[in-house]
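Engineer: Handing you a structure now.
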Amino acid sequence: MFQSASPFADYIDATFLTIVGISSLVLLGLLIAMVYFVIRYRRSKNPHPTNIEGNIPLEITWTVIPLVLFMGMFWMGWEGYRKISIIPEGAVPIKATARMWQWTFEYPNGVVMDTLYVPAYTPVKITIRSLDVNHSLYIPAFRIKKDAIPNKENLMWFKTSKIASYDVACAEYCGLRHSYMYTKVVSQDSTDFESWYKAASLKQSKVYQPILSKTQ
Ligand SMILES: [Cu+2]
């Protein structure tokens with residue numbers, strides 16, 4: 001679960017664990033308080049309930065503590081959103097097109113693949129669109145997901161620091177063969193990536209121009 005494969009993976013995992021941690025502590029505190037009050041103020045000990053009229057310090061405490069916790073969680077979420085949204089200059093542009101039931105990935109010279117080949121250590125910008133219904137481009141190891149919506153382009157970026165391949169899925173149920181949209185993202189070092197790109201360009205009769213030297 002916790003393999004760091006993109007610049008956001010560690011941050012998003014930390015945010016997730018912080019929120020789960022805070023929620024667990026609050027749950028535990030509430031349960032302990034509840035059990036304590038149930039026993040302490042049980043009917044046999046306290047046959048006549050007393051009405052309590054306000055308590056300013058207590059009210060300030062239970063307003064300020066949750067406010068600080070929630071603002072903290074909001075801030076972590078906002079920072080993560082910024083990391084995901086701000087696309088670095090010079091990222092390698094790739095177009096991802098969704099349709100029932102396949103992803104296709106188009107490179108700057110028109111090479112089209114159904115597996116997403118990317119250079120490692122380099123920012124990659126994906127423009128996502130759909131030809132039919134709503135789909136969603138999801139790369140769990142990178143902790144990113146973006147919807148593919150007809151008539152609208154969405155952007156996503158990532159950079160991976162490993163030579164590896166990871167799962168790509170459609171995360172928006174799009175019909176009977178939704179699961180056919182599983183594919184892979186393959187990250188290669190710059191030499192392997194360029195030689196793959198060159199071979200793919202030749203095979204699909206496209207003009208080859210190195211992607212990496214052009215964009216960096
Ligand atoms: Cu789909």
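Engineer: What about N134, is it farther than 21 Å from A91 by Cα and either within 16 Å of the ligand (Cβ to nearest atom) or touching a helix residue (DSSP H, G or I) at 6+ places or on another chain (Cβ under 8 Å) (or both)? Let's see the steps before the verdict.
Structural biologist: On the way: farther than 21 Å from A91 by Cα: yes; either within 16 Å of the ligand (Cβ to nearest atom) or touching a helix residue (DSSP H, G or I) at 6+ places or on another chain (Cβ under 8 Å) (or both): yes.
Answer is yes for this residue.
Engineer: How many residues are within 26 Å of L67 (Cα to Cα) and of a type in the set (G, A, S) when one looks only at region 1-34?
Structural biologist: Looking only at that region, the number is 6.
Engineer: Going by the structure shown, is D167 of a type in the set (D, E), touching a residue at least 24 places away in the same chain (Cβ under 8 Å) and touching a Pro at 6+ places or on another chain (Cβ under 8 Å)?
Structural biologist: Yes.
Engineer: When region 6-64 is examined, which residues are found to be in a loop (DSSP other than H, G, I, E, B) and under 30 Å from K159 (Cβ atoms)? Steps first, answer last, please.
Structural biologist: Taking region 6-64 first, the residues in a loop (DSSP other than H, G, I, E, B) are 6-8, 41-55.
If the condition is that a residue be in a loop (DSSP other than H, G, I, E, B) and under 30 Å from K159 (Cβ atoms), then S6, P7, F8 are the ones that fit.
Engineer: Continuing with this model, one more query. For the condition away from the ligand (no atom under 16 Å from the Cβ) and under 30 Å from S4 (Cβ atoms), what is the one hit in I128, I94, I39? Break it down stepwise before answering.
Structural biologist: Numbers: I128 fails: away from the ligand (no atom under 16 Å from the Cβ); I39 fails: under 30 Å from S4 (Cβ atoms).
Checking each option against the conditions leaves just I94.
Engineer: Still on this model: Mind checking which residues of region 81-116 are closer than 16 Å to D167 by Cβ and surrounded by fewer than 17 Cβ atoms within 10 Å (Cβ to Cβ)?
Structural biologist: Q102, D114, T115
Engineer: Also, quick follow-up: Can you find a residue in region 122-135 that is on the phi > 0 side of the Ramachandran plot and assigned to a loop (DSSP other than H, G, I, E, B)? Let's see the steps before the verdict.
Structural biologist: First, pick out the residues of region 122-135 that are on the phi > 0 side of the Ramachandran plot: none.
No, the conditions are met nowhere in region 122-135.
Engineer: What is the residue count in region 161-203 for residues that are part of a helix (DSSP H, G or I) and small (G, A, S)? Step through it out loud before you land on a result.
Structural biologist: Pass one, region 161-203, residues part of a helix (DSSP H, G or I): 178-181, 190-203.
Retained after the next criterion (residues that are small (G, A, S)): 179, 190, 195, 199-201.
Residues meeting the conditions: 6.
Any read-out appearing in this document is the output of simple, stated calculations on the displayed coordinates, not a laboratory observation. Remember, it's a predicted structure, so these values are computed and weren't measured experimentally. FYI the Cβ positions are ideal-geometry reconstructions off the backbone, even for glycines, and counts take in every protein chain you see.
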